[in-house]
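The values are calculated or read from the model by the stated rules, or taken from the named source; none is laboratory data. Just so we're clear, the structure is a prediction, and the values are computed from it rather than from any experiment. Every residue, glycine as well, gets a Cβ built from its backbone with ideal geometry; the counts of neighbours run over all protein chains shown. Surface accessibility is based on the protein's heavy atoms, side chains included, excluding ligands, DNA and RNA. Shrake-Rupley method; radii C 1.70, N 1.55, O 1.52, S 1.80 Å.
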Number of protein chains: 4
Amino acid sequence: MFERIWTVRFSDTDPHGIAHYPRIVDALHETSDMFMQEIGFPFWELAQNRDFGFPLVEMDFEFDAPLHAGDEVRITLTPDPSTRAVRFEYEAYAGDTLAFSGYEQRVCARTGGGGAIEIPDGIREQFLDYAEE
Amino acid sequence: MFERIWTVRFSDTDPHGIAHYPRIVDALHETSDMFMQEIGFPFWELAQNRDFGFPLVEMDFEFDAPLHAGDEVRITLTPDPSTRAVRFEYEAYAGDTLAFSGYEQRVCARTGGGGAIEIPDGIREQFLDYAEE
Amino acid sequence: MFERIWTVRFSDTDPHGIAHYPRIVDALHETSDMFMQEIGFPFWELAQNRDFGFPLVEMDFEFDAPLHAGDEVRITLTPDPSTRAVRFEYEAYAGDTLAFSGYEQRVCARTGGGGAIEIPDGIREQFLDYAEE
Amino acid sequence: MFERIWTVRFSDTDPHGIAHYPRIVDALHETSDMFMQEIGFPFWELAQNRDFGFPLVEMDFEFDAPLHAGDEVRITLTPDPSTRAVRFEYEAYAGDTLAFSGYEQRVCARTGGGGAIEIPDGIREQFLDYAEE
């Protein structure tokens, strides 16, 4: 499991003082980016030096509790890989309260529109390591 | 059905020249905002003058084809109301190609954390009108 | 002069009900993108098919009045070209009230870090046409 | 002087692989938010519990070098307060290279449109502490 803290900022909040949904999605995507950096295969390195990536094919999230500016939100990401795809499962807590949860489904695919390919072993091992923790 | 055209901008695109996912979500949320304005109950008017709103409780989207800067994306929104909630169903096309589809589930709830309430008749009628078209 | 209407959205607004500054900057940059599309040289076309672009080297804006969700903001862009650079001058009005004004200074430069080059005649002529109107 | 590290993310970058300007502005504003939190007067606390804030009245930035995904950008903020206003001066470095610099001018003003007021002593002292370091 990968974990980071997201501080909700004033500029993320709406007239009710709670986080706008698009800003929550920004934080989610930032978390996937931080995770791929952590395991040594940042998205930008794939984009520049490899001929494949992990485009998003599905996202499904439930929002259980509103978030407020200043909240220190603990977002966890647990990868669940199959042969040619990986699911990033998320949970986000403000204190003990589940704020939102859900997943991103990503396929391993050739850059430029080719079909799905097998996840290279080095990356797959990292996904499995973080899946087990 | 409500419909708008979203032009993908250079500032929405990534190193592969395709739209970043968070920017697609921005366009989705903008579409819900435009729809509520169209039916005479803009989100900002609810936030200022009413004691209820339509917070998002779930979002579920599938991404079928990448979008490029300059694409004129036709995004449709079809509301599907129940008594205390409404589902906004989306489809987005670049030309004849389905780029993404999915839904936002929103509840009608008292502002500030109260429980779900019945959708007021005037709004419900608008939802039904756009559901049938 | 180029002109567009920007509708301030609920998702642009803060706990005081006024537009967050980063969202105003999003609208500014969208306006430059719309202008370049209007004159037939969209930023994305330059990025894909030409070996030069117009990177931003300076931005200077004054904010005179707050903007609220639902405001229909008239943003004007007047290009002021020199040989190797162009200044995009902006004014934004909500009704008769000046909300903000300022400029972006952009140079015409080879992609990938080369120095400034002369603005190609076809683009320069378009800038001059919109400067005079 | 206040300092933070901003990691440029894949989702911040454009078809040339460099950071979009609106995303740099997001990082700037986030830095002001982090600074106000650091000194004990976060923007959200002012918005909720006080009758004044620090609205932006001017921003002026120069961009000297492009930023790439993965860059660890050191952004410094030095406050320069006067009686009723404060200038936040920024410098941003990727390694030893100045990437951008500039300032935000903010006034201390009553919430809801009142005129400028004197910066309360407790906040002014914090600004001065960080100005001298």
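The Rg/Rh ratio for region D:1-126 is 1.01, where Rg is the radius of gyration of the alpha carbons and Rh is the Kirkwood radius. Taking a sphere under 11 Å around the Cβ of C:Gly53 and counting the other residues whose Cβ falls inside, with K and R at +1 and D and E at -1, yields a net charge of 0.
Ranked from shortest, the separations from the 7 Å Cα-to-Cβ label point of A:Ile39 to its equivalents in the other copies are 4.1, 4.2, 4.6 nm.
Here is the list for region B:66-100: trypsin sites (Lys or Arg not before Pro) lying in DSSP coil, each with at most 15 other C-beta atoms within 10 angstrom of its C-beta, are B:Arg84. Roughly speaking, what is the centre-to-centre gap between region D:34-105 and region C:98-125 when only Cα atoms are used, to the nearest Å? The two parts, judged by their Cα centres, are 26 Å apart. All other residues whose Cβ lies under 11 angstrom from that of C:Asp64 are scored, Lys and Arg at +1 and Asp and Glu at -1, for a net of -3. On a per residue basis, chain C carries 40 Å² of accessible surface, using protein heavy atoms and a 1.4 Å probe.
In whole percent, what relative contact order does chain A give with Cα contacts below 8 Å and a gap of six or more residues? So the answer I get is 28 percent.
From helices alone, chain C scores -8500 deg cm²/dmol at 222 nm; the rule is -39500 (n - 2.57) for each run of n ≥ 4 DSSP H residues, then divide by the residue total.
Summarising the rotation from chain C to chain A, the nearest chain C beta-carbon to the axis and its distance in Å are given as C:Pro15, 3. Modelled label positions at D:Asp51 and A:Glu72, each set 7 Å beyond Cα in the direction of Cβ, lie 3.3 nm from each other. Measuring max minus min along each principal axis, the C-alpha atoms of the protein assembly as shown give extents of 52, 51, 50 Å (largest first). Comment: the Cα-to-Cβ extended label point of C:Glu125, at 7 Å, lies 5.7, 6.1, 6.7 nm from its counterparts in the other copies, nearest first.
When chains C and D come together, the accessible area they lose, probed at 1.4 Å and totalled over both chains, is close to 1800 Å².
Please find the FRET efficiency linking B:Asp60 to D:Glu125, where r is the Cβ-Cβ separation and R0 is fixed at 45 Å, and quote it to the nearest 0.05. With R0 = 45 Å, the Cβ-Cβ based efficiency is 0.35. The mean number of Cβ atoms from other chains found within 10 Å of a Cβ in peptide A:62-69 is 4, as a whole number. The fraction of accessible area contributed by carbon and sulfur in chain B is 42 percent, rounded to a whole number (1.4 Å probe; ligands and nucleic acids excluded).
Spacing of the modelled spin labels on B:Ser82 and A:Glu132, each 7 Å from Cα toward Cβ, amounts to 4.2 nm. Inter-copy label distances for C:Arg74: 3.2, 4.8, 5.4 nm (label point placed 7 Å from Cα along Cα→Cβ; shortest first).
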